[in-house]
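See structure below.
Just so you know, all these numbers are worked out from the coordinates, no wet-lab data involved. Predicted model, so just to flag it, every value in this text is computed and none were measured. Neighbour counts are summed over all protein chains in view; Cβ atoms, including those assigned to glycine, are modelled from backbone coordinates with ideal geometry.
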Amino acid sequence: MLRADGITVAYGRQRVLRGADLAVAPGVVTGLAGPSGCGKSTLARVLALLLRPDAGRLTVDGAEVHRWRHRASRDLRTRVALIFQQPRLAVDPRLTLREIAAEPFHATGRPPDPAAELADDLGLTSELMVRRPHEVSDGQLQRACVARALALRPRYVICDEMTTMLDASTQAHLIARLEAYRRETGAGILAITHDEELLTRWTEPSGGPTVRMS
Ligand SMILES: Nc1ncnc2c1ncn2[C@@H]1O[C@H](COP(=O)(O)OP(=O)(O)OP(=O)(O)O)[C@@H](O)[C@H]1O
């Protein structure tokens, strides 16, 4: 279980989260909804160990997080992956798609795992993999970001408005790929979206709950 308890975050004098709680269980899709600006992305960054809260507790499979970002243990960091809404803000524009998808292997020193070669499943041809971000569409770039997120086989995947900018068929394909990953590995998924119809479609097959922030 990925658990956040009593999370409080302020940016300067603006308090964004006050004692927020959220649990993401393995094996199911948990939905997270709420009005724009209520702090969903902030909570997502806390859950991905990228942002240290001012107060509260985060535990990953029972282990409490005491060190954050690059200081957290590699084991804890690689258990949770985050996929952002805007792929262009989440990649180094100088890298090819192949290099983007392989970044976690370089960062951790692990050899690329052939079983984690997800490019084909994600519809990324070898011709696309040698292109740089400015030479591909948003949907193609987001596919590379999904490959990067799943590369180290995380136990939890946080999808923060992952498909908001994409057309219906790319959206359906990426969600189907994440569903296949959840079924194969028993990973827990947190689906953050404003789209109620998508939320229902995504959470229903695994019977996961939807949490609503206000
Ligand atoms: N790094 C930051 N520095 C200062 N303020 C921030 C920062 N990140 C977010 N905020 C502010 O915190 C509040 C919550 O933002 P957040 O992105 O977490 O909300 P959200 O619920 O994900 O919104 P949306 O649905 O529009 O993406 C907003 O008022 C935002 O302007």
When the chain is fully extended, how far beyond the present Cα-Cα distance does ASP167 get from GLN86, taking 0.36 nm per residue of separation?
27.8 nm
Between THR185 and SER137, what length in nm is gained on full extension when 0.36 nm per residue of separation is reduced by their alpha carbon distance?
14.4 nm
Between the range 9-29 and the range 146-209, the alpha-carbon center distance in angstrom:
19 Å
Using a Förster distance of 30 Å, the FRET efficiency for SER73-GLN14 (Cβ separation, nearest 0.05)
0.45
Restricting attention to the range 1-102, which trypsin sites (Lys or Arg not before Pro) occupy a DSSP loop and are surrounded by at most 15 other Cβ atoms within 10 Å?
ARG13, ARG67, ARG94
What list of ³J(HN,Hα) values in whole Hz, one per residue of the range 127-140 in order, does the Karplus curve 6.51 cos²θ - 1.76 cosθ + 1.60 (θ = phi - 60°) give from phi, with Gly and Pro shown as x?
5, 6, 5, 8, 8, 9, x, 6, 9, 10, 7, 4, x, 5
State the answer as a single residue: which of ALA20, THR59, LEU141 lies farthest towards the positive end of the charge dipole of the range 1-141, with beta carbon charges of +1 for Lys and Arg and -1 for Asp and Glu, about the Cα centre.
ALA20
Ranked ILE158, ILE192, criterion: other C-beta atoms within 10 Å, fewest first:
ILE192, ILE158
Hey, got the dipole for the range 74-213? About the Cα centre, +1 on K and R Cβ, -1 on D and E Cβ, debye to the nearest 20?
520 debye
Explain nothing, just the number: relative contact order of the range 1-89, from Cα pairs under 8 Å at least 6 residues apart, as a whole percent.
30 percent
First check a/c for the chain, with a ≥ b ≥ c the square roots of the eigenvalues of its C-alpha gyration tensor; if it is under 1.5, answer rounded, and if not, answer prolate when a/b is larger than b/c or oblate otherwise.
prolate
Relative contact order of the chain, please, whole-number percent, based on alpha carbon pairs below 8 angstrom and at least 6 residues apart.
31 percent
When the Kirkwood hydrodynamic radius is evaluated over all pairs of different C-alpha atoms of the range 143-214, what value in angstrom, to one decimal, is obtained?
12.7 Å
